[in-house]
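A short worksheet on the structure shown next.
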Amino acid sequence: MKKRLIPVVIGLMLVLGTALVSADGTLVIYNAGSVEMGEDLVRAFKAKYRNIDVEEIRLGSGEIITRVQAEARRPQGDIIMAMAKENMDVVYDLLDSYRVKEASAFPNDVKDAKGNKYFGFSFNIQAFIINTDRIPLGDAPKSWKDLGDSKYRGEVVMANPALSGSAYAQLFQMVGLYGWDHINDVRQVTTFVPKSSLVYTFVGRGEFAIGITGEGNVFTEKAKGNPVEAVYPSEGTGLRFDASGIIKGGPNPDNAKIFMDWLTTKEAMTIICQAPHFRRMTRPDVPPPPGLKPTGEIKFFEYDANKASASRNDYLQKFGEIFATR
């Protein structure tokens, strides 16, 4: 009887041994979201997988694209987290194929075409953040067109679209609505900063009156007690999403799969839909953040992520030429 149990015991040891090997070691995450969001997610992940040493690096989307492309022959990162869909498409061939355990919980329109390279994270809805101590809400811009008004000179702050995925999306939307002459008008009244996180931080502090950012960031600043409000452009705003995926050939592929399986759970996404992050998540079973305007009350227009991705280099070159003009 004891002899018969030996193979079973050995088998269990092998299975448990494999699990332990895959649940320790290291993991490197390139995070396109906020620093606070990355910290909260890593903290929750580490509570479940204590033996995995996580290095989370906060970078703008442009920086992530540049880094992943430069490291293609010897990747240093394992995960791209919360980067805009159109930017995930730029590095699509550098992403690994992996179908997460709860893939069926995600609608097809928040996954890549094959449904195994990236999975939606949150809806990145762009809005204006207004510091009402610097400018009365009634005098704030109501539309994308208003942003180019000369009366706002020195009051507007935006991120550099070459470094920030959200800023590139803002540029793409404004070009689609009003063309490049409008971008020149906006350039003349706007201060451009290297990181998207600086936009809502500076407006929250009152260093600028007006910024363009993801709606969740407005409510994060508001939760801190800063005098800010969200204004949704009257023309509408593009309905777009960011996503996460595994970098092909990364140094820790097993841990990358463990992280992606966890990140796409309802449990993980619920962390980010609540205060202080206020993100609308792509899983339909995750409730919307408290206090945000109902999705049905926001005007949207089609955001062509494929065109945005294909046009990125040309648009950034044109923007650079306009920016250099004095």
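What follows draws every value from the coordinates through simple rules; no lab data is involved. All values reported here derive from a predicted model rather than from experimental measurement. No Cβ is skipped: glycine too gets one built from the backbone with ideal geometry, and neighbour counts run over all protein chains shown.
Could you tell me how many degrees, from 0 to 90 and to the nearest 10, lie between the Cα long axis of helix 2-22 and the main elongation axis, the longest principal axis, of the Cα atoms of the chain? Tilt relative to the chain: about 20 degrees. Measure out, as a whole number of angstrom, how far apart the alpha-carbon centroids of segment 302-325 and segment 175-191 sit. Distance between centres, Cα-based: 12 Å.
Computing FRET efficiency as 1/(1 + (r/R0)^6) for SER97 and GLN317, where r is the C-beta to C-beta distance and R0 is 30 Å, gives about 0.40. Cross-link reach is defined here as a Cα-Cα straight distance under 18 Å, omitting same-chain residues fewer than 8 places apart; for LYS114 the lysines meeting it are LYS85, LYS101, LYS248, LYS257. Can you compute the label reach from ALA47? Point 7 Å from Cα along the Cβ direction, backbone N cut-off under 16 Å, restricted to segment 277-307. Of the residues in segment 277-307, 277 have backbone N under 16 Å from the label point off ALA47. Over the chain, calculate the relative contact order: mean separation of alpha carbon pairs under 8 Å at least 6 apart, over the residue count, as a percent. The normalised contact order for the chain reaches 24 percent.
Just to confirm the number: angle between the C-alpha axis of helix 35-48 and the first principal axis of the chain, 0 to 90 degrees, nearest 10? Long axis of 35-48 versus the principal axis of the chain: about 20 degrees.
Panel order for TYR98, TYR30, by other beta carbons found within 10 Å of each beta carbon, from fewest to most: TYR98, TYR30. Which shape class, rounded, prolate or oblate, goes with segment 195-326 when its Cα gyration tensor gives a ≥ b ≥ c as root eigenvalues, a/c under 1.5 marks rounded, and past that a/b bigger than b/c marks prolate? In terms of gyration-tensor shape, oblate. Using the Cα gyration tensor of the chain, with a ≥ b ≥ c the square roots of its eigenvalues, what is the shape: rounded (a/c below 1.5), prolate (a/b larger than b/c) or oblate (neither)? The shape class here is prolate. Comparing GLU86, GLU36, GLU221 in a Gaussian network model of the chain, where Cα atoms under 10 Å apart are tied by springs, the biggest mean-square fluctuation is seen for GLU36.
Applying the criteria of a DSSP loop state and at most 16 other Cβ atoms within 10 Å to the trypsin sites (Lys or Arg not before Pro) of segment 259-325 yields LYS299. Among the trypsin sites (Lys or Arg not before Pro) found in segment 158-259, those both in a DSSP coil and sparsely packed, with 15 or fewer other Cβ atoms within 10 Å of their Cβ, are LYS224.
Here the residues ASP242, ASP109, ranked from fewest to most Cβ neighbours within 10 Å of their Cβ, fall in the order ASP109, ASP242. When a/c is below 1.5 the answer is rounded, else prolate if a/b is larger than b/c, else oblate, so apply that to segment 245-307 with a ≥ b ≥ c taken from the square roots of the Cα gyration tensor eigenvalues. Since a/c reaches 1.5 but b/c is at least a/b, the shape of segment 245-307 is classed as oblate. The trypsin sites (Lys or Arg not before Pro) found in segment 30-63 that occupy coil by DSSP, while having at most 13 further C-beta atoms within 10 Å, are ARG50.
Taking the number of Cβ atoms within 10 Å of each Cβ as an exposure proxy, the fewest-first ranking of VAL110, VAL175 is VAL175, VAL110.
Computed extension length for ASP109-ASP139: 7.1 nm, one decimal, from 0.36 nm per residue of separation with the Cα-Cα distance subtracted. Near ILE64, once Lys and Arg are set to +1 and Asp and Glu to -1 for all other residues with Cβ below 12 Å from its Cβ, the sum equals -1.
As I understand it, the value is the acute angle between the Cα axis of helix 253-263 and the longest principal axis of the Cα atoms of the chain; what does it come to in degrees, rounded to 10? Relative to the chain, helix 253-263 is tipped by roughly 60 degrees.
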